[in-house]
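Here the structure is laid out as structure tokens; the discussion comes afterwards.
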Amino acid sequence: MKGPNVATPNPLAPPDRTRASRRRFLQIAGVSGAAGSAMLLAACGDDDENAASTSTTKATAMGGDIAILNYALTLEYLEADFYDKVIAADVLSGAELELAKQFGDTEAAHVETLKGTVEKLGGTPVKAPETTFPLESRDAVLELAATVENLGAAAYLGQAGAIQSDEVLAAALAIHSVEARHAAALNRVLGMSATPDGAFAQPATEAEVLKAVKPFIVTS
Amino acid sequence: MSHPNPLETVRVEGMSRQTLLLRGTLAAGAVFGTSMVSPFLRRAFAQGDMGDVDILNFALTLEYLETAFYEEGAKLGLKGEVASQAKRFGAEEAEHVDALTATIKDLGGTPAKMPMFEFGVTDEKSFLELAQTLEDTGVGAYNGAGPAIKSKEVLAAAGSIVQIEARHAAAIRLLREQDPAPDQFEPPLTTEQVNKAVAPLIVS
């Protein structure tokens, strides 16, 4: 995964250049207001606008957050399941095995808290998907782990602007940076850059993420 | 919290800020455990009276600090992986400085001036130790400020930066043979905690 070539903005550049670099900065960050709202509306399946009563608006905002939390929960299920299967596959040893165990425990904790949060908000947690991963060798496992973690970090980043509740946002941020730490550590273990996107991490949309994880989900 | 909350009259899509807070308390309780709700909310909302420009200037000061720190590191004669990582991370912090400066100007604000720093690092060991502290602190600072950011665009931009800080923190920790991700949920830091942590490094 190669990020765009993000040129260092020249602080001495004329104002138009500076504005351009800010635009690029925001573009890289990805979430425009319009895209965020569209995602939220799609998640809610709700298109009634203005004149909404407080309770309707509240339900809509919460519905959006519940949908986002359930999407995150699906990814965390996938990650937790992945590490369980990695440990069972017995292809890692030493420090690498310890990392996999630790990261797996963390993903399981994320699963539990996301489930609890969906329930607290009055939603129904999605079911865990049935998964399948190619786990023949140490290299294959570590590469897949890095792919999944980098994707997870990009997925959380892609939702930041769409979350309505400050508290759900705070929780998502607390998970996002942990996914980023996992991704960076695995990249380094593989001898790759900790920051493949450069100075600004790129978000991924829900559609991009679900497409990327499709090969690992068994549909019956 | 005893200080008056200037946000309580702000309405978010027909909802008062207090409704949001109440609703969020439940979510935070679910995530962090009921006993942790109060300190958690205090931390998450300690930045509540700062505007986006204030938050961006707070972030800018941290990025100045990190950039200056890696420049200092370049003078230490670091070698191998440590040298190459430090060079890369320093260049990325400098890009954060430029982007934050441009964003603050774009919002009509005045970018904070770069303070003078004194790091006191003398060798690879002391350099990596302080690097870890600075990067970990950076992550907690952005995460703590995140919920107080009002603009979705600024929030998304801050998110794309904090992810890089987290990646730096993990990589530096690995170089020190430390746990790259010591917390299952990254603890947010208040501006107060961050300022206290970096105060000894600021000369003027």
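Some notes on this structure:
- A:LEU210 versus A:ASP105: modelled label distance in nm, points set 7 Å from Cα along the beta carbon direction: 3.4
- The mean of 1/r over all distinct Cα pairs in segment B:85-198, once inverted, gives the Kirkwood hydrodynamic radius of 15.2 Å.
- With the simple spin-label model, which puts each label point 7 Å out from Cα in the Cβ direction, the B:ALA74 to B:GLN178 separation comes to 2.4 nm.
- Violating pairs (Cα-Cα greater than 26 angstrom) within the set A:LYS85/B:LYS125; A:LYS101/A:LYS127; A:LYS127/B:LYS150; B:LYS125/B:LYS196; A:LYS214/B:LYS150; B:LYS113/B:LYS150: A:LYS85/B:LYS125; A:LYS127/B:LYS150; A:LYS214/B:LYS150
- Interchain or long-range residues, amide H under 5 Å from B:LYS150's placed H: B:ASP52
- Label separation (B:LYS150 vs B:GLU118): 3.9 nm, computed from points 7 Å beyond Cα along the C-beta direction.
- Principal axis box of segment A:109-220, alpha-carbon based, largest edge first, Å: 42, 40, 25
- Summed over both chains, the area buried between A and B is near 5700 Å², taken from the accessible surface of protein heavy atoms with a 1.4 Å probe.
- Heavy atoms of B:TYR64 accessible to a 1.4 Å probe, total area in Å² rounded to 10: 30
The values are calculated or read from the model by the stated rules, or taken from the named source; none is laboratory data. Predicted model only: the values in this text are computed from it and were never measured. Cβ atoms come from the backbone with ideal geometry, glycine included; neighbour counts cover every protein chain shown. We work out accessible area using only protein heavy atoms, side chains counted, and drop any ligands, DNA or RNA first. Shrake-Rupley method; radii C 1.70, N 1.55, O 1.52, S 1.80 Å.
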